[in-house]
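Below is one structure; the comments refer to it alone.
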Amino acid sequence: MFYQFKTSSIKWLLLLGVMIFSSANAALPIHKLNPQNGVEAYLIQTKSLPMIDIEISIDAGGRYDPKGKSGLAAMTADLLDRGIILNRQMMSEARLADEIADLGANLSTGASGERALIKLRSLSRIDIRERAIPLLAAVLSNPIYDPKIIEREKQRTMTALREENTKPDVVLAKRFKRAVYGAYPLAESPSSQSIAAIQPSDLKRFYQDFYTKDRIIINLVGDLDIAEANLIAFQLSAELKNKAKNPSPLVKLSVSPLLPSSEREIQVVFDSQQTHIAMGMTGVARDHPDYFPLMVGNYVLGGGGFVSRLMAEVREKRGLAYSVYSYFNFGQDTGIFQAGVQTRNDQAKLSLQVLAETIGQFILNGPDDKELEAAKANLINGYPLRIDSNRKLLENLSAITWNRLPLDTMDTWTNNVALVSREQIQQAFKRHLDMQRMLTVVLGPQQK
């Protein structure tokens, strides 16, 4: 009787969460803009704050790094705001920073594996916008790439990389990427050698090939009407080339191969007080039909923190580690699945055994009814917290437009979670994960 009461209560809370979310989010549609110059742009209007948040996504991430020059995409993005040409005059990085600070705005640039990002947060007042938007447009369209600044940033980056290589979690992450990605460009992490090989001409060529109108998406959230947003999108992209002549082709990520047991584990000797373990393989893209079963299932497996099955098996029952996790890195390309744990050196073998057995059992059987209902209730009732600010709305908008998802994704997200069944999770995990394809990297002192 207790179990029946608890299950029905969770289902009622689940339904209530869907109803509350639907009524709260109905007034935030995504508008597809038409800036009249062929660039892709989107807007979510919010009137609660006199602010605007702008993100420019460029298909120019690390997956396009040429061989031997890993880190080129990241450096190209990082140096966008280290000096610009504005109104045919050079503006130094110091003066640009001062201008942004005087406006009370915030500007940032960077790159991930898939894309480069330029972000601006500013007041929506017309007098502020009229000064901030030209600065952002110049960062996107007219960076200088001063050789002296390039050399300075190369030295800073190489110093940071040497320090990173003393940290076991960083070394593990790099080795795990190399194992899972294989021949895919993201398998190679930036190194002192690859950064040293980058020349000013490489940065300028990469910028010319990838920073074009056909490779950018402009996302806007805030106190703007559609006409104002269209004008901003036009201004930001007006000076970009329409298309590059010979952009580098994208190498597709291959599915992890079947491997004999002797080739599934990689030992990395590292003088550390604890053993770090990472296990995983390739996953699926964000727009895959199995996204929701995989996402909800992983919440049960290792993504739900203290309520996850991995936490129960590794920490609660056996006390082998303080934390253990699993996640899918869903992206525009295939993405990866990764699980991991950090444990005492003398418990490494047992921790790995429990990690592998728990994941293997979940692939075979999926969650039970109680775990599934609790996971869906937590995800649905927590979803409003994921969209309760302009910045979070921008993150969601960016993920939707980048991954080519339906524009009503935020409206239907909780309903899609509620519809996930045990059978769907079982089938999805069996389709996409396989312990015979799973690679494991164990980093720690050499075992006696």
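Under the Karplus relation 6.51 cos²θ - 1.76 cosθ + 1.60, θ = phi - 60°, what is the ordered set of whole-Hz ³J(HN,Hα) values for region 69-80, x standing for Gly and Pro?
10, 4, x, 5, 4, 5, 5, 4, 6, 4, 8, 4
Would you mind computing, in nm to one decimal, how far apart the modelled labels at Arg404 and Leu350 are, each placed 7 Å from Cα along Cα→Cβ?
Rounded to a tenth, the inter-label distance reads 4.9 nm.
With n ≥ 4 as the cut-off for DSSP H runs, can you work out [θ] at 222 nm for the chain, using -39500 (n - 2.57) per run divided by the number of residues, rounded to the nearest 500?
-13500 deg cm²/dmol
I want to check the label-to-label distance for Gln155 and Ala227. Put each point 7 Å from Cα in the C-beta direction and report it in nm to one decimal.
5.3
Which whole-Hz couplings ³J(HN,Hα) result when phi for each residue of region 435-440 is put into the Karplus expression 6.51 cos²θ - 1.76 cosθ + 1.60, θ = phi - 60°, listed in order with x for Gly and Pro?
Running phi through 6.51 cos²θ - 1.76 cosθ + 1.60 with θ = phi - 60° gives 5, 7, 10, 6, 9, 10 Hz.
How far is helix 409-418 tilted off the main Cα axis of the chain, in degrees rounded to 10, range 0 to 90?
0
Taking the mean number of other Cβ atoms within 10 Å as a proxy for protection, how do you rank 189-199, 402-412, 373-383 from highest to lowest?
Packing proxy ranking, top to bottom: 373-383, 189-199, 402-412.
By a straight-distance test (C-alpha under 21 Å), which lysines pair with Lys148 as possible cross-link partners, with residues fewer than eight away in the same chain excluded?
In chain and number order, the partners are Lys69, Lys204.
Taking amide H positions as placed 1.01 Å from N in the peptide plane, with prolines and chain starts having none, which residues 5 or more places from Thr46, or on another chain, fall under 5 Å of its amide H?
Amide H neighbours of Thr46: Gly222, Asp223, Leu224.
Could you tell me what fraction of 2.2 N^0.38 Å the Cα radius of gyration of region 31-237 comes to, as a two-decimal ratio?
This ratio for region 31-237 stands at 1.09.
Spelling out what I want: for every residue of region 311-321, take phi, set θ = phi - 60°, compute 6.51 cos²θ - 1.76 cosθ + 1.60 (Karplus), and round to whole Hz; glycine and proline get x.
4, 5, 6, 7, 9, 5, 7, 10, x, 7, 7
Please compute the net charge surrounding Asp53, taking Lys and Arg as +1 and Asp and Glu as -1 over other residues with Cβ under 9 Å from its Cβ.
With Lys, Arg at +1 and Asp, Glu at -1, the neighbours total +2.
Grab the Cα-Cα distance for Asp388 and Arg162, subtract it from 0.36 nm times how many residues apart they are, and report the gain in nm with one decimal.
Taking Asp388 through Arg162 to full extension adds about 77.4 nm, to one decimal.
How large is the direction-averaged shadow of the alpha-carbon convex hull of region 261-444, in nm²?
Mean projected area of the Cα convex hull: 11.2 nm².
Any idea what angle helix 226-237 forms with the longest principal axis of the chain, computed on alpha-carbon atoms, 0 to 90 degrees, nearest 10?
With both axes taken from Cα atoms, the answer is about 80 degrees.
For region 269-365, just the Cα set please: Rg and Dmax, both in angstrom.
In Å, with Rg to one decimal and Dmax whole: 13.9, 43.
How much space per residue, in cubic angstrom, does the convex hull of the C-alpha atoms of the chain take up?
154
Based on alpha-carbon centroids, what's the gap between region 189-263 and region 351-416 in Å, whole number please?
27
What is the angle, in °, between the Cα long axis of helix 147-164 and the longest principal axis of the Cα atoms in the chain? Nearest 10 is fine, range 0 to 90.
Its long axis makes an angle of about 10 degrees.
May I ask you to order 49-59, 255-265, 106-116 by the average number of other C-beta atoms within 10 Å around their residues, highest value first?
The densest-packed peptide leads the list: 49-59, 106-116, 255-265.
Take the Cβ-Cβ distance between Ala285 and Ala101 as r, set R0 to 45 Å, and report the resulting FRET efficiency rounded to the nearest 0.05.
0.70
If the reach is capped at under 30 angstrom between alpha carbons, list the lysines near Lys376, excluding any in the same chain fewer than eight residues apart.
List returned: Lys6, Lys11, Lys317, Lys392, Lys430.
All of the numbers you see were taken from the coordinates with simple rules; none came from a lab. The structure presented is a predicted model; accordingly, all values stated were derived computationally and were not measured. When we count neighbours, we look across all protein chains shown, and the Cβ atoms used for this are built from the backbone with ideal geometry, even at glycine.
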